[in-house]
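This report refers to the structure that appears directly beneath it.
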Amino acid sequence: MNWHNCANELLSWKHQKPSASGRRKNFQHSLEKLRKALGGIIQAMALTVETRDPYTGGHQRRATNLARAIATEMGLSEEQIDGIRMAGLVHDLGKISVPAGILNKPSRLTEDEFGIVQTHPQVGYDILKTIEFPWPVAQIVLQHHERMDGSGYPKGLVGKDVLLEARILAVADVVEAMSSHRPYRPALGMDKALEEISRNKGVLYDPSVVDACLKVFTEKGLKFEYRDEDSNFTKERVSGWGSGPFAQIAGADFRYKREDGEDGQV
């Protein structure tokens, strides 16, 4: 479907002379077609990432579902929730620029390798910024590793300088990453993930987002759903790993061992 045609159709209603109710119906129909076309673009991008890195595809889906649940619990508008869904499905799109040997490395990354990983929000933004979404998709993707205290990346934004949608996705990203298998370590479990966001509530993570996240798990019974391909992939990647040499988690991101012997964090 050509989404430019959908946009033109959406605007053409003003040149027609149907009744007021007819104009509203035409507008809503065209708007729905445009949303579907934009959703198709997002799905195509998400599949591109998943084809290259099956883990990232599964992670993006689960983090997106959690982010939507958090946003719903917080009472965000349907429009904002739609934007979170679109951004969530491609929030790691920029990892297509990261060499597979780094993404799948089963040990600590060097500082230089982590520097490459840190570029993925900016790369994702640069890919998405030219598409005129009705939601701030590119900005959400750019900001999903920012933290409330300014310790995040790539801009080091502080507090409410970070979009609310990005603050929601940041918490969802952390919880999914810690509770699921990663290419470089076994799952740490949901208890550890919820402990992480609780301990850093108001420091790294938005307090209202953390409260909503805790509620959807402890009161609403939310659980992550894993597809067969996600399960097969993670079992193959982590089989026999144990916990000794693998990176420690800190805020959904992982630590690398710097050449000077100190731990660094991304």
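The values are calculated or read from the model by the stated rules, or taken from the named source; none is laboratory data. A quick note: this is a predicted structure, and the numbers were derived from the prediction, not measured. Virtual Cβ from ideal backbone geometry, glycine too; neighbours counted across all protein chains shown.
The set of residues in the stretch 167-191 being more than 23 Å from D53 (Cα to Cα) and at pLDDT 95 or above consists of R167, I168. Residues of the stretch 138-168 being of a type in the set (A, V, I, L, M), in contact (Cβ under 8 Å) with a residue 40 or more places away in the chain and over 23 Å from N65 (Cβ atoms), which ones? Residue satisfying the conditions is M148 alone.
In the stretch 109-132, the count of residues that are closer than 16 Å to I41 by Cβ, among the hydroxyl-bearing types (S, T, Y) and part of a loop (DSSP other than H, G, I, E, B) is one or more.
Taking the stated definitions as given, is T110 among the polar types (S, T, N, Q) and free of Cβ contacts under 8 Å to residues at least 24 places away in the same chain? For T110, the condition - among the polar types (S, T, N, Q) and free of Cβ contacts under 8 Å to residues at least 24 places away in the same chain - is not met.
Here's the yes/no breakdown for (1) touching a Ser or Thr at 6+ places or on another chain (Cβ under 9 Å); (2) small (G, A, S); (3) within 27 Å of A193 (Cβ to Cβ):
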{"position": "L31", "(1), (2), (3)": "no, no, no"}
{"position": "G40", "(1), (2), (3)": "no, yes, no"}
{"position": "T48", "(1), (2), (3)": "no, no, no"}
{"position": "R52", "(1), (2), (3)": "no, no, yes"}
{"position": "G57", "(1), (2), (3)": "yes, yes, yes"}
{"position": "T64", "(1), (2), (3)": "no, no, yes"}
{"position": "R68", "(1), (2), (3)": "no, no, yes"}
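Regarding the stretch 235-245, can at least one residue be identified that is modelled with pLDDT of 85 or more and surrounded by fewer than 20 Cβ atoms within 10 Å (Cβ to Cβ)? Looking for residues that are modelled with pLDDT of 85 or more and surrounded by fewer than 20 Cβ atoms within 10 Å (Cβ to Cβ), one finds none in the stretch 235-245, hence no.
Only a single item in (1) more than 24 Å from T218 (Cβ to Cβ); (2) among the hydroxyl-bearing types (S, T, Y); (3) more than 13 Å from the chain's Cα centre (by Cα) is not met by T72, and it is number (1).
Check A71, A138 and return the single one that is crowded, with 24+ Cβ neighbours inside 10 Å, in a helix (DSSP H, G or I), touching a helix residue (DSSP H, G or I) at 6+ places or on another chain (Cβ under 9 Å) and at pLDDT 95 or above. Being crowded, with 24+ Cβ neighbours inside 10 Å, in a helix (DSSP H, G or I), touching a helix residue (DSSP H, G or I) at 6+ places or on another chain (Cβ under 9 Å) and at pLDDT 95 or above holds for just one of A71, A138, which is A71. Could you please let me know if H120 is in contact with a Ser or Thr (Cβ under 8 Å, 6 or more places away or on another chain) and surrounded by 19 or more Cβ atoms within 10 Å (Cβ to Cβ)? So H120 passes the test. Of the residues making up the stretch 141-152, those that are closer than 12 Å to G94 by Cβ and assigned to a loop (DSSP other than H, G, I, E, B) number 2. Within the stretch 155-167, is there a residue that is buried (at least 18 other Cβ atoms within 10 Å of the Cβ), under 25 Å from P99 (Cβ atoms) and not basic (K, R)? No, there is no match, as no residue in the stretch 155-167 is buried (at least 18 other Cβ atoms within 10 Å of the Cβ), under 25 Å from P99 (Cβ atoms) and not basic (K, R). Scanning the stretch 97-108 for residues that are in a helix (DSSP H, G or I) and under 16 Å from H145 (Cβ atoms) turns up S97, L103. Being buried (at least 19 other Cβ atoms within 10 Å of the Cβ), touching a Gly at 6+ places or on another chain (Cβ under 8 Å) and closer than 16 Å to V137 by Cα is a property that L89 lacks.
Taking the conditions (1) farther than 16 Å from D92 by Cβ; (2) at pLDDT below 90 in turn, S198 satisfies each one other than (2). Within the stretch 36-59, residues that are not assigned by TED's automatic domain parsing to the domain that holds V137 and of a type in the set (D, E) have Cβ atoms under 7 Å from residues that are exposed (fewer than 13 other Cβ atoms within 10 Å of the Cβ) and assigned to a helix (DSSP H, G or I) in no pair, counting only partners at least 6 apart in sequence or on another chain.
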